[in-house]
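Heads up, the thing below is written out as structure tokens.
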Amino acid sequence: MLDPKLIDEQGRIAALHRYEVLDTPPAEPFDKITALVRDVLQVPISAVSLVDRKRQWFKSVQGLSVTETARSVSFCSHTIMDKAVLIVPDALADARFADNALVTGAPHIRSYAGAPLQTPDGYNVGALCAIDTVAREFTSAQISILSSFASLVVDELELRRIAQTDHMTGALSRRGFVAQVDKQIVHHSRNGGSSVLVLLDIDHFKSVNDGYGHPAGDIVLKAMSEVCAGFLRGSDSFGRLGGEEFGILLTDVRHADGLMVAERIRCKIAEHAMPVGTGLHVTASFGVSALHSRTESASQWIAEADAALYDAKRSGRNRCVLARTHEGWAAAC
């Protein structure tokens, strides 16, 4: 019987995106693996290919200068349709690939071996592949080694995912969130568009811990995360930056819309009965900063939103303040 996860494209894409790895800089652990694949399998080209909706993107690649190709010409898009290693001894003799642009033109792929990158929950998010420019067979030992290296790639992806997740709330860790902010700045520099960064901090959180105990404080943090997550889209990012401070990255929105989202979240938090005691109510203060042409780094953008958050605290708490204009929104809920 066909594994349903092999045809669950929506679930597969969600599994891929959970790693938050697409369009990130090269990383030494992946480069070491592709270098070993090239040496051990004696091929000129090797890659960690992650298959997105319309493209394959290389987290690491040896022997090629490109970082992605269209999914329509990707050999790895065939690999992810099975749990076994895909072997193509001669692409010109294979009807699936004989007229492929990567075969008839550069880099002139002739033979291919690809091991699927299968997540712990069973989705193939990409492949570790070895490519040669001459027709050839791959030995059973080489195929076994390629599969083992593919498992190491998935292990590394999982370790990075865990390191970027706050275990208490399920939100991104500070490290993971800052990585998303950095990625959005790079995207903006290349493609333009508008995005908004929101920082929020629970007001008087120390009194919650002091009055109800730290376990109750943890419950409030989890409930706060759930409230915020309910307002976010799949393209947005949410992280716990430390203690009772959280960050929200809203993509493809203008500052006025971002401010409105922050205000809705603020009102929802204020009216939400936290599952502590008979129903504890807390408030939060918000700093909002829109991405602009002078934004050069995540630290700069976060500092701008943090300054607005400080103004919100200083001017009475339970309000949203827009960075640079310092336009406050009074609590109205």
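The values are calculated or read from the model by the stated rules, or taken from the named source; none is laboratory data. Keep in mind the model is a prediction, meaning the values are calculated, not measured. Virtual Cβ from ideal backbone geometry, glycine too; neighbours counted across all protein chains shown.
Residues checked against (1) closer than 19 Å to Q180 by Cα; (2) under 26 Å from the mean Cα position of the chain (by Cα); (3) assigned by the TED database to the domain that holds D201:
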| position | (1), (2), (3) |
| --- | --- |
| M224 | no, yes, yes |
| A229 | yes, yes, yes |
| A256 | no, yes, yes |
| L259 | no, yes, yes |
| S285 | no, no, yes |
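Go over the candidates G193, G234 one by one and state the one that is on the phi > 0 side of the Ramachandran plot and part of a loop (DSSP other than H, G, I, E, B).
G193
So that you can scan it fast, the table gives a plain yes or no per residue for (1) polar (S, T, N, Q); (2) over 17 Å from Q10 (Cα atoms); (3) out of contact with any helix residue (DSSP H, G or I) (no Cβ under 7 Å at 6 or more places or on another chain):
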| site | (1), (2), (3) |
| --- | --- |
| D94 | no, yes, yes |
| D99 | no, yes, yes |
| T104 | yes, yes, yes |
| Q118 | yes, no, no |
| V125 | no, no, no |
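Looking only at strands (runs of 3 or more DSSP E) that fall completely inside region 61-141, which ones have 1 or more residues that are of a type in the set (F, W, Y) and modelled with pLDDT of 95 or more?
By residue number, 111-118.
Residues being surrounded by fewer than 22 Cβ atoms within 10 Å (Cβ to Cβ) and of a type in the set (A, V, I, L, M): count how many of those fall in region 42-60.
Total meeting the criteria: 1.
One residue is enough: does region 84-102 have a residue meeting the conditions in contact with a strand residue (DSSP E or B) (Cβ under 7 Å, 6 or more places away or on another chain), under 21 Å from E158 (Cβ atoms) and hydrophobic (A, V, I, L, M, F, W, C)?
Yes, region 84-102 has at least one match.
Within region 149-172, which residues are among the hydroxyl-bearing types (S, T, Y), closer than 25 Å to Q118 by Cβ and not in a helix (DSSP H, G or I)?
Selection gives T165 alone.
Would you please list the contacts, defined by Cβ atoms under 7 Å and residues six or more apart or on different chains, that run from a residue in region 214-231 that is under 10 Å from I269 (Cα atoms) to a residue that is in a helix (DSSP H, G or I) and of a type in the set (K, R)?
Between residues of region 214-231 that are under 10 Å from I269 (Cα atoms) and residues that are in a helix (DSSP H, G or I) and of a type in the set (K, R), the close pairs are V227/K268.
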